[in-house]
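Read the structure below first, then the notes.
Computed from the coordinates by the stated procedures, all read-outs in this text should not be read as laboratory data. Bear in mind the structure is a predicted one, so any value in this text is a computation, not a measurement. Every residue, glycine among them, receives a Cβ derived from its backbone with ideal geometry; neighbour counts consider all protein chains shown.
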Amino acid sequence: MDTPLLLPWWRKPRWQRPAIAVAGVALLLLGGAMLLGPAERRVRMRAAGVSVATVEQGTYRDFIALRGSVVPHDTIVLDALEGGRVDRILAEAGDTVAEGQALVELSNTQLELDVLDREGRLVQSITQLQSYETQLEQNRVGNLKALVAIDYDITRLQRQIGRRATAAVRAAESAESRDAMQDDLDRALKLKPLQEDSNRRQEELRTRQLPQIHAQLEKLQQDLRITHSKLDNLTVRAPVAGLLTALDLKIGENRNRGERLGQITPDTGNKLAANVDEYYLGRLRAGQSASVEIDGRAWPLTVTRVYPQVKDGTFVVDLAFQGLAPPGLLPGQSLQGRLALGRDEPALTLSSGAFLERSGGDYAFVLAPDGHAAERRRIKLGRRNAEQVEVLSGLAAGERVIVSTYDGLERIERIELTQ
């Protein structure tokens, strides 16, 4: 009886090859899953290569580490109020300047012509308003004179008519003359109320217009002073006394309006500017206490301002020294200290470590009682500082936790520690 021969897969008919290949790939994947699955969930590590901390029932000190730089308490910038060509530089960076001291002189021919033109138009407007005010006053005086003249005519005519009332005089004087005199008196009596009403109306108008004229004159005078001061702005002066810390100018160069020319640091002391992690943004406010250590002595500070803008994961806080500042501080000097976020309180605590960077405080590897292995466990952490974190749940006092880095352990459930 003949024995059938088994051919290698590559010598078998083409219709049999796909099934064999698929079966082979399936076996390979199954084997890989069996081999790789446990390895992805479990890892061996040397016990000497990990750091371990014990969960303790103690006191949580609510503070964060502080590192800041010494900066001047106030800085006054010097901007060009008017552009122009640099003609003279009267001070250099590093000089101590007095308030109002001239620092730089600029020249601007076009500005000078514009100022002259505007001054001419403002003076013309002022002259017109003053002329109108004078005209109102002249009209008032003229109205008063007209009323006085009418009163005079009434009084004179009444006297004349009274003297001619006797019979002898009436016989000697014609009726036409007496009638003309009476007509003049009647006319004057009728003109008087008209003149009085006209005077009253014009006086009311003048009373309303005078404040407006004076306000416009004052505004024009102010505009005139401002216009003239534009030429004064070509001389840059120190707004306050202090140290001229920056002034980078060269004779002959042109600077535009609004350009930064330099800055002055007044003698108002120093403050501390520190970058704080954005995690603490909601817990910082003005008035909180801090301290820095200089030459073995702690100097107290107070948070004066919190800037909410977050950049590169941090935000800035300003701190002022309480009382006298430490002597010998230099701008740019770095200081280290602590910033208190709240009071010390009893809590379940764990030492801070590199494990927080990868786990985010959501899980930790907790050692077994024998110390030969560590299991992954879900936890919940609260407040944290540079030395400790507050444990809210998932851990008990006395348990030991791996607090070194968790790099590469994101998918690991169990760590076996070897000697």
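Things to note:
- When only alpha carbons are used to place a centre, the stretch 69-112 and the stretch 363-384 end up 63 Å from one another.
- Each residue of the stretch 281-296 was assigned a 3J(HN,Hα) from its phi angle through the Karplus curve 6.51 cos²θ - 1.76 cosθ + 1.60 (θ = phi - 60°); the sequence is 4, x, 10, 9, 8, 5, x, 6, 9, 8, 7, 10, 10, 10, 6, x Hz, with glycine and proline shown as x.
- Residue of Arg164, Arg140, Arg338 that the Gaussian network model of the chain assigns the largest fluctuation, springs spanning Cα pairs under 10 Å: Arg164
- Using a Gaussian network model of the chain in which every pair of alpha carbons under 10 angstrom is joined by a spring, one finds that among Glu56, Glu137, Glu99 the greatest mean-square fluctuation is at Glu137.
- Cα-based equivalent ellipsoid of the stretch 202-288: semi-axis lengths in Å, sorted from largest, via gyration tensor: 46, 28, 13
- Taking 0.36 nm per residue of sequence separation and removing the Cα-Cα distance, the Ala286/Ile226 pair yields an extension gain of 17.6 nm.
- Treating each Cα of the stretch 110-232 as an identical point scatterer and summing with the Debye formula, the log10 of I(q)/I(0) at q = 0.19, 0.21, 0.22, 0.23 Å⁻¹ comes to -0.99, -1.08, -1.13, -1.18.
- R0 of 22 Å, Cβ-Cβ distance Ser404-Arg377: FRET efficiency to nearest 0.05: 0.85
- The chain - mean residue ellipticity at 222 nm from DSSP helices (-39,500 (n - 2.57) per run, n ≥ 4, rounded to 500): -13000 deg cm²/dmol
- Degrees between helix 175-232 axis and first principal axis of the chain (Cα, 0 to 90, nearest 10): 30 degrees
- For the chain, built as a Gaussian network whose Cα springs stay under 10 Å, the top-fluctuating residue of Leu284, Leu157, Leu106: Leu157
- Inter-site label distance for Ser352 and Leu205 at 7 Å from Cα along Cβ, in nm: 8.2 nm
- Computed from Cα atoms, the angle from the helix 109-163 axis to the main principal axis of the chain rounds to 30 degrees.
- Across the stretch 99-104, coupling constants 3J(HN,Hα) worked out from phi with the 6.51/-1.76/1.60 Karplus curve, θ = phi - 60°, read 4, x, 5, 6, 10, 9 Hz, and Gly and Pro carry x.
- With Cα atoms, 0 to 90° folded angle of helix 17-41 axis to the chain main axis: 70 degrees
- Distance in nm between pseudo-label sites at Glu92 and Arg237 (7 Å out along the Cβ direction from Cα): 2.5 nm
- For the chain, the fraction of alpha-carbon pairs in successive 20 Å shells from zero, as %: 15, 21, 19, 17, 13, 8, 4, 2, 0, 0
- Across the chain, C-alpha contacts under 8 Å between residues 6 or more apart give a mean separation that, scaled by the residue count, equals a relative contact order of 30 percent.
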